[in-house]
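Worksheet for the structure shown next.
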Amino acid sequence: MAGRPARRLAWWLVFLAQLAPLGYLIWAIPTHQLGYEPVVDSLRFLGQSALYLLLIGLAITPLQRLMPRLGLIDYRRMVGLYAFFYATLHAALWLIVDRQLELAAIWEDMLEREHITFGVIAFLLLLTLAVTSTKGWMRHLGRRWRLLHRLVYPATALAVFHFFLSVKLDTRTPLILAGVLILLLLARPLTRWWTGRRARH
């Protein structure tokens, strides 16, 4: 019982910490901290925030296997939903401010600009994951729920590729994130093997 208040405090600290990017953006826009193209910079900032959280979410499972006492798995759903939250803000800013809800312009972007195409597909996958993240959907889908939520891997890969295509000059950051994603994908079977080996001994 003594650990419950500490766990609850930790949960709220993690919850509030993930609001930091939004808080920064709310401060940065009126104080002109985003540069000469605030809409473009805001789009990129929100997209990167979503992508970083997706990668953090993917890191939780292998870290949980290596350090089970930390209870990191308790934060996985929250991190995933925050990633979707920032992805939604990213998409909304593009639709409402950049494209001004002009259906013809939106459709043209989706067909003719590759990074928009991949971004929309990634967002639709994340939307599917967010909608089905509740305990009700877990019960309804049963074993299929885990299979469905493996869509987080292609969704994250598409998000990284979307970021890479959207960058015109300096591709270092998306390439680094692609490397991180590859390492996280390799970490899953390796940590599974390690925990199985440790259990046998």
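The values are calculated or read from the model by the stated rules, or taken from the named source; none is laboratory data. Note that the structure is predicted; figures quoted are calculated from it, not measured. Note that we place each Cβ from the backbone using ideal geometry, even for glycine, and neighbour counts take in every protein chain shown.
So here's what we get for this one:
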item: Residue count, the range 77-129 (criterion: closer than 11 Å to Gly47 by Cα and hydroxyl-bearing (Ser, Thr, Tyr)); result: 2
item: Residue in the range 66-76 that is in a helix (DSSP H, G or I), among the hydrophobic types (A, V, I, L, M, F, W, C) and under 19 Å from Val167 (Cβ atoms) present; result: no
item: Residue list for the range 128-163, filter: surrounded by fewer than 17 Cβ atoms within 10 Å (Cβ to Cβ), aromatic (Phe, Trp, Tyr) and at pLDDT 95 or above; result: Tyr153
item: Qualifying positions in the range 28-63 - modelled with pLDDT under 90 and either among the polar types (S, T, N, Q) or within 16 Å of the chain's Cα centre (by Cα) (or both); result: Thr31, Gln33
item: Scan of the range 98-112 for residues that are without any contact (Cβ under 8 Å) to a residue 24 or more places away in the chain and either of a type in the set (A, V, I, L, M) or surrounded by 13 or more Cβ atoms within 10 Å (Cβ to Cβ) (or both), ordered by number; result: Arg99, Leu101, Leu103, Ala104, Ala105, Ile106, Glu108, Asp109, Met110, Leu111
item: The range 175-189 residues that are among the charged types (D, E, K, R), paired with ones that are surrounded by 11 or more Cβ atoms within 10 Å (Cβ to Cβ) and in a helix (DSSP H, G or I) (beta carbon under 6 Å, 6 or more apart); result: Arg188/Pro62
item: Counted residues, the range 28-43 - those being surrounded by 19 or more Cβ atoms within 10 Å (Cβ to Cβ) and not hydroxyl-bearing (Ser, Thr, Tyr); result: 1
item: One residue from Leu25, Leu46, Leu51, Leu95 being touching a residue at least 60 places away in the same chain (Cβ under 8 Å), surrounded by 12 or more Cβ atoms within 10 Å (Cβ to Cβ) and not in a loop (DSSP other than H, G, I, E, B); result: Leu51
item: Conditions (1) under 20 Å from Leu89 (Cα atoms); (2) in a helix (DSSP H, G or I): number failed by Trp145; result: (1)
item: The lone exception for Thr117 - which of (1) assigned to a helix (DSSP H, G or I); (2) exposed (fewer than 14 other Cβ atoms within 10 Å of the Cβ); (3) not aliphatic (A, V, I, L, M) it fails; result: (2)
item: Matching option when the condition is touching a residue at least 60 places away in the same chain (Cβ under 8 Å), of a type outside the set (Val, Ile, Thr) and closer than 28 Å to Thr191 by Cβ, among Ala83, Ala122, Ala155; result: Ala155
